[in-house]
1. If you count, for every residue in B:510-517, the Cβ atoms of partner chains within 10 Å of its Cβ, what is the mean?
2. How big is the accessible area of A:Lys479 in square angstrom, nearest 10, if you roll a 1.4 angstrom probe over the protein chains?
3. For a quick protection proxy, order the peptides A:387-394, A:363-370 by their average other-Cβ count within 10 Å, most packed first.
4. Roughly how much accessible area, to the nearest 100 Å², goes out of reach of solvent when A and B pair up, both sides summed, probe 1.4 Å?
5. In percent, how large is the relative contact order of the range A:154-269, given Cα pairs closer than 8 Å and 6 or more residues apart?
6. Only four residue types carry charge here, +1 at the Cβ of Lys and Arg and -1 at the Cβ of Asp and Glu. Report the dipole size of the range A:346-424 about the Cα centre in Debye, rounded to the nearest 20.
7. For the range A:178-211 and the range B:352-391, what is the separation of their C-alpha centers, rounded to whole Å?
8. Given the -39500 (n - 2.57) contribution per DSSP H run of 4+ residues, what per-residue ellipticity at 222 nm results for chain A, rounded to the nearest 500 deg cm²/dmol?
2 protein chains.
Amino acid sequence: MQRRLLQTTAFSLLKRSRGVSSIRLNILPVAKYSTTKSVPLTADTYSKKIQRDPKYKQLEASDLEFFKSVLPENAIITDEDDLLFYNEDWMRKYRGQSKLVLKPKTTEEVAKILKYCNDNKLAVVPQGGNTGLVGGSNPVFDEIIISLSSMNKIRSFDPVSGILKADAGVILETADQYLAEQGYIFPLDLGAKGSCHIGGNVACNAGGLRLLRYGSLHGSVLGLEAVLPDGTIYNSMHSLRKDNTGYDLKQLFIGSEGTLGIITGVSILCPSRPQAQNVAFLAVSSYEAVQKVFVQARKELQEILSAFEFMDNTSQKLTAKHLGLEHPIESGDFPFYVLIETSGSSKEHDDEKLETFLGNAMEEGLVEDGIIAQDEAQIQSLWSWRESIPEASTIGGGVYKYDVSIPLADLYGLVEDVNVRLSEAGIASLDDESKPVLAALGYGHIGDGNLHLNVSVRKYSPEVESVLEPFVYEWISAKHGSISAEHGLGFQKKNYIGYSKNDIEIKLIKEIKNHYDPNGIMNPYKYI
Amino acid sequence: MQRRLLQTTAFSLLKRSRGVSSIRLNILPVAKYSTTKSVPLTADTYSKKIQRDPKYKQLEASDLEFFKSVLPENAIITDEDDLLFYNEDWMRKYRGQSKLVLKPKTTEEVAKILKYCNDNKLAVVPQGGNTGLVGGSNPVFDEIIISLSSMNKIRSFDPVSGILKADAGVILETADQYLAEQGYIFPLDLGAKGSCHIGGNVACNAGGLRLLRYGSLHGSVLGLEAVLPDGTIYNSMHSLRKDNTGYDLKQLFIGSEGTLGIITGVSILCPSRPQAQNVAFLAVSSYEAVQKVFVQARKELQEILSAFEFMDNTSQKLTAKHLGLEHPIESGDFPFYVLIETSGSSKEHDDEKLETFLGNAMEEGLVEDGIIAQDEAQIQSLWSWRESIPEASTIGGGVYKYDVSIPLADLYGLVEDVNVRLSEAGIASLDDESKPVLAALGYGHIGDGNLHLNVSVRKYSPEVESVLEPFVYEWISAKHGSISAEHGLGFQKKNYIGYSKNDIEIKLIKEIKNHYDPNGIMNPYKYI
């Protein structure tokens, strides 16, 4: 009885979505993300904060000669136009001045390159798919870019244990498609899956959409191969779920953002691919209700809950404009929306659990309206209202992105307080094009306590930046949050780690950096 | 139809189990585990291999004076009889000669103690519940024992996020019972839960019975507090599921076995407690069939599969003798047995999944006979046939324990080959009491590729040891396995890490040890 009511009245079926193309950020065309014609040099934008360190050697003809002895011609890029793709980030916020990109095909080539650079104090930037959000994979000055894009082979897969071994430069989506054929799933998913590399994912400890279900990479990565700055090949490509023989050093590389060495291979435990999937999209009237729905979902959906994402009203307004579509929830404008995904082994059981849960949530008044996707196309379509937000946030010209962890109760308060602050500064308006800022909006992985605060702007400016920073970081610090949940420190947050880590933690981190990279050639001017 | 058939004919219900007391190794009374009256000193047993390092200072009256200034009288143990409990391991294989046990109550006290020991080159052994299996928590010579048993407070629990913060000395079962009251579960379970400490679990990266479902501690531990050898308090007790700000240094302490510092606090993510649980106990005719049942179970039970344990025939024979009970599978003697546990949010759904899976497995001839527990008492009773094996293995007087990871296909081959070797040496017999060895038996966490090889002996002897070692380690190394899956290196495997790690890995591990503990005062003569 209850279930029928739910399907036919309160929950309207998503009927028009078949016409909506599946919009996933699989490829990130640079031009789409900014109206700025030319990206200013990072060195110019931040000239007051940072200078090139003269301890690093400048690239000379003799260096190029050496690299030519290691790599074939087509693995060496020196043409200025070709370099641009590697020098710039996809948000078009940072631009480096590297004169050289190297694209090794083997671990041994990486080792020879790094040893030479270390011996000669040539600074380097490791680069994966160049999809980062904090300027971590682009040079700041003239660092040599080492791109892993030519190291893109699946090495092996064991269908009994589910352990995949692959080169670092394998694209995430490629790995996941390969696994799908074997009945397995990559334990990580994120918007940039069509471009990002699994090695880059590990180097940045990417979180993404499946963390709620499959846990962090610190748990699922079983082995790594990495090249240390002095050219040492650290071969630790184990394929054992349990191995207590010595310190788990590979953990240091997970999240090190290319500052300790270059990850060249990954061994990772992959779960069985769920046979059934459901997606529900709900309208919720307050942030308090969002939290209650989450607690209830974790209890009632438990083992089948695979994503719990929330989005605020502004994020959906901009996304509707960006997609040129009407919002899937037609019955009105709601302060918050929630996307719930379930994954399990029995469609029938999952349907029943989800419907019971939604029925209860509506009866208790936690959910105002909602939709359940009826097929794969509708699933993709509903997800696009969550996954298109980063793109939609740049609709005015650019976006300041903050990716933070905050205890759940306080999480959305940051978005509210930033909007108050922008309003007090008189610099924000959704309609008035003379204002530099459109609005601050919030969305993210509630299940992980992870908020994405996007400040959508018409242009990047020091004025806006000074309104936002250090305000945002101070706010997070006061709530004992993290200033970087999953995006990393990179260039953007190098100076702000003190808001999330205490002096002793920072001291110990710096000691490790110095221990492995005493010459400081690995990804300088960043991280710490 | 199929389900009825299954319940009434092939699957006989476990009727008599109500009379069986639940036997879990909650408390590990020392006397029960060995018939040896007095445990020989480790220093004597291994006198040819290891000598006291003269660089360590011997305890003097002035040192005691200092400790008395830090701790109250009842936190200092010097009485020889009282020291015995801390000097010996529970298997009664190792005995140290410490003259002093310190039981600090606060992190600051630990810091003062360690700083003093480091300044004075007094070697120390951190000790949790003293339930280890490799002699890692007992002194080898006269090291000072620092017991965490008085640091046993739950610090906080957040019922929205499921994050528990607690002192290192909280007993695992106490933590789990506390969580049960809140609807949560500790993401780790093991036989010694009634005695072991959560800090010790983290220090040893314990795996246990729930790893298959909840993953490793590298994924679930969110923060740690630890004291470094120089007395520095590393406070990294974060409670954020995602935090990418700097190297994840806490990971180094997970599995460091007290060689880098002393863990004093743990912050850990706890899952919702499953509302439904099932346990099935199956008879299987070959090791090949065991593997097939596993692959099938992972596919069909997927998100509700929480344990998949296997046991060989010998392990069950000894357990029957030890428990004084008939085996739950009455229809005959089978080469292998499998215990499957499911945990989920709907009893009805889980029952249906489990019964369908078992029906298929029997139809395909993979399973010969089986039982499904009908209530909590039967669940406990079936588990006791798995959990009593370690105890049952010592029925003759002692046991050589090997805890290893081996790729699944080869896993049981080790037990077979060890039995062949023992037989060729003419030293094994289940009945002939003049032989030093009863038999080699195997069981463990198939789901994690983790075998426990137990060699049940009537007495420990160098002769038996020389038949077993390095044979076992060489065998594992040839299969690219790990010589320590979850028990750690401790004293037992200090010299064998080379069978599982390459020279560069070992060099890097040694460098980290030296980096944090240059005086080598932390748990010497062990690990690496």
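1. Neighbouring Cβ atoms belonging to other protein chains average 3 per residue here.
2. Solvent-accessible area, nearest 10 Å²: 70 Å².
3. Ranked by mean Cβ neighbours within 10 Å, highest first: A:387-394, A:363-370.
4. Rounded to the nearest hundred, the buried surface is 6800 Å².
5. Once divided by the residue count of the range A:154-269, the mean separation gives 32 percent.
6. Using only the charged Cβ atoms, the result is roughly 440 debye.
7. Rounded to whole Å, the Cα centres lie 35 Å apart.
8. So the helix-based figure for chain A works out to -9000 deg cm²/dmol.
The values are calculated or read from the model by the stated rules, or taken from the named source; none is laboratory data. Source: prediction; values computed, not measured. We place every Cβ from the backbone using ideal geometry, glycine too, and count neighbours over all the protein chains shown. Accessible surface areas use protein heavy atoms only, side chains included; no ligands, DNA or RNA. Shrake-Rupley method; radii C 1.70, N 1.55, O 1.52, S 1.80 Å.
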